[in-house]
Amino acid sequence: MLSAFPRVDLVGGPTPLEPMHRVGAVAGHPQLWIKRDDCMPLAFGGNKVRSLEFWIGEALAQGSDILVVAGALPSNQCRLTAAAAAKTGLDALVLYAGDASAPLRGNALVTERMGAEIRRLGPVGEEERGRLARQAVAELAAAGRRPYLIGDPLTGALGYARAAEELSEQASALNLDLRHIVLPGSMGVTEAGMIFGAALLDLPWTFHLISVEYDAPVLRQRLDAILKGLWRHTGREPRPDLLDLVRIDVSQLGGGYGIATEASLQAASDFARYEALVLEQTYVAKTFAGLLSRVAHRSIPVDEAACILHTGGTPSIFETA
Ligand SMILES: Cc1ncc(COP(=O)(O)O)c(C=O)c1O
């Protein structure tokens, strides 16, 4: 069914599914696994690569010749759009909001290295950033280019519907009866895609979303909207009960989006020492802290296998001065 949607291969095959024996021993849970979406060949990888497979598939199907994307300097989506454009022979225009004199480090440095045209917008809000992106698309079209705006949530979510299938096949091959999936709760694209993909296959997975951005009602409403859109988009009969499989955990939010907490700093240090994992602070370290907390509170029982999704974001650790 997902094969009806145009896609280009950017992930390059299944990402590793690995046991975390050492952290498991310390946490007292013998069946902790990790899906390594931080391990992809494209420019440090990450969850956005799976969305880009479908965004660029759509762009190429429409005959586009330039990708347009907007974000903040630490944006993984901007970095990976620039990388995917370089890989597929498209141009990329990246609009960066925020202090226009801030140096390009980490993600933004990679974006520049990939040859994207970078435009600095200054300190504009999210709405204005979106308006400026649409304006850039209109201007490019008026100048005879065929621009494609990166970011549609429904198209992007298809990447994780596919990832659910990939993970389920890997687990089956290992005779692993996965029951719990832990991942960041943010804009909802990755999460809804994976929930949708698991529903298509009737998988017995409970989803633990560790919120890094929104309160539970807002995140739930975002998921609901994307899921409803996905049923429409794919022409499938909707399953209204999907959110019953979702646990939203806001205990790691701390001071809010992008602000590290004591637990997230500790998680970054522990998972590095015990599992050689690199965790950035905005999305990933809070999610791993959430895994430990849910295991400690038995929200993830010790006799049921759990898998955490590492969504990448690795270059962010090089962004601090
Ligand atoms: C590394 C990383 N993890 C998680 C997320 C959250 O994904 P989503 O926006 O699909 O909820 C993002 C989004 O930017 C990300 O870059």
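Coordinate-derived values only; no laboratory data. For clarity, every value in this text was computed on a predicted model and none was experimentally measured. Note: ideal-geometry Cβ built from the backbone for every residue, glycine included; neighbour counts use all protein chains shown.
Pick from region 139-171 the residues that are small (G, A, S) and within 23 Å of G235 (Cβ to Cβ): which of them is farthest from the ligand (Cβ to nearest atom)?
Of all residues in region 139-171, those small (G, A, S) come to 141-144, 151, 156-157, 159, 161, 163-164, 168, 171.
When the remaining residues are screened for being within 23 Å of G235 (Cβ to Cβ), the result is 151, 156-157, 159, 161, 163-164, 168.
Working: G151: 10, G156: 7, A157: 8, G159: 9, A161: 12, A163: 11, A164: 14, S168: 20 Å.
Selected residue: S168.
Per this entry, T81 is counted among residues that are over 30 Å from S172 (Cα atoms), under 15 Å from the mean Cα position of the chain (by Cα) and not acidic (D, E). Considered as a group, the residues in region 285-321 that are loosely packed, with under 14 Cβ neighbours inside 10 Å and part of a helix (DSSP H, G or I) include one that is farthest from the ligand (Cβ to nearest atom), and that residue is A296. Meeting the requirement of 3 or more residues that are not hydroxyl-bearing (S, T, Y), the strands (runs of 3 or more DSSP E) wholly within region 111-220 are 117-122, 178-185, 206-211. Selection within region 198-212: residues that are more than 15 Å from A306 (Cα to Cα) and either more than 16 Å from the ligand (Cβ to nearest atom) or touching a residue at least 60 places away in the same chain (Cβ under 8 Å) (or both). The member of this set that is surrounded by the fewest Cβ atoms within 10 Å (Cβ to Cβ) is D202. Selection of first residues in region 257-284 that are farther than 20 Å from H21 by Cβ and of second residues that are among the acidic types (D, E), restricted to Cβ pairs under 6 Å at least 6 apart or on distinct chains, gives the following pairs, ordered by first then second residue: Y257/E213.
Looking across region 239-255, the residues that are in contact (Cβ under 8 Å) with a residue 24 or more places away in the chain and of a type in the set (G, A, S) come down to S251, G254.
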